[in-house]
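For reference, the structure is listed below as structure tokens.
The values are calculated or read from the model by the stated rules, or taken from the named source; none is laboratory data. Keep in mind that this is a model prediction, so the values were computed, not measured. Because the Cβ atoms are built from the backbone with ideal geometry, glycine has one as well, and the counts that use them run over all protein chains shown. We work out accessible area using only protein heavy atoms, side chains counted, and drop any ligands, DNA or RNA first. Shrake-Rupley method; radii C 1.70, N 1.55, O 1.52, S 1.80 Å.
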Amino acid sequence: VQLVESGGGLVQAGGSLRLSCAASGSRFSIADMGWYRQAPGKQRELVASITSGSGGTNYADSVKGRFTISRDNTKNTMYLQMNSLTPEDTAVYYCNAKAIELRTARLYEYWGQGTQVTVSS
């Protein structure tokens, strides 16, 4: 499975960005997906996640009410709409996906290459 992220960049505080993560891999069924971020000198942390079936979502407390995660299963693409951005949101954002190999039903986990989000004050 390949995960390709896009949409990062530089934005002023209070602004918005929308990240996308496109998953590809014909031998797999994409399951749960999520966004993580890692700021300099900090551990990688979960930002938001979304299930494959019901589309149930989960958010870090720090982004609740500001970020919205969604997915389009027909395109195997996940999105993260980020509003009211603050400098504390500055980090490299990583796409994460769990995928089930169709032939074996084994579960694998994949990461994207990361996209930089920088929020200026």
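Quick one: ranking Val47, Val1 by accessible area, 1.4 Å probe, largest first, what do you get? Mind showing how you got there, number by number?
Values: Val47 0, Val1 40 Å².
Correct descending sequence by accessible area is Val1, Val47.
Database remark: amide H of Phe28 closer than 5 angstrom to the amide H of Leu102 (H placed geometrically; neighbours at sequence offset of 5 or more, or on other chains; Pro and chain starts carry no H). Converting phi to 3J(HN,Hα) with the Karplus coefficients 6.51, -1.76 and 1.60 and the offset θ = phi - 60°, the stretch 7-16 yields x, x, x, 9, 9, 7, 4, x, x, 10 Hz in sequence order, with x at every glycine or proline. With the convex hull of its Cα atoms as the shape, the chain has an orientation-averaged projected area of 7.2 nm². Grab the beta carbon distance between Ser26 and Ala60, set R0 = 35 Å, and tell me the FRET efficiency rounded to 0.05. After rounding to 0.05, the efficiency reads 0.60. Full extension of the segment from Ala39 to Thr104, taken as 0.36 nm per residue of separation minus the current Cα-Cα distance, would add 19.7 nm.
Annotation for Ser84 and Trp111: the two label points, set 7 Å from Cα along the Cα-Cβ direction, are 3.0 nm apart. Where in the stretch 1-28 does the amide nitrogen come within less than 11 Å of the point 7 Å from the Cα of Lys75, taken along Cα to Cβ? Hits in the stretch 1-28 for Lys75 at 11 Å: 20-23.
Backbone phi angles across the stretch 47-64, fed through the Karplus curve with coefficients 6.51, -1.76 and 1.60 (θ = phi - 60°), yield HN-Hα couplings of 9, 7, 9, 8, 7, 7, x, 6, x, x, 10, 9, 10, 5, 4, 5, 10, 4 Hz in residue order; Gly and Pro are listed as x.
Accessible surface comparison of Asp32, Asp61, Asp72, Asp89, probe 1.4 Å, protein chains only, largest first: the order is Asp61, Asp32, Asp72, Asp89.
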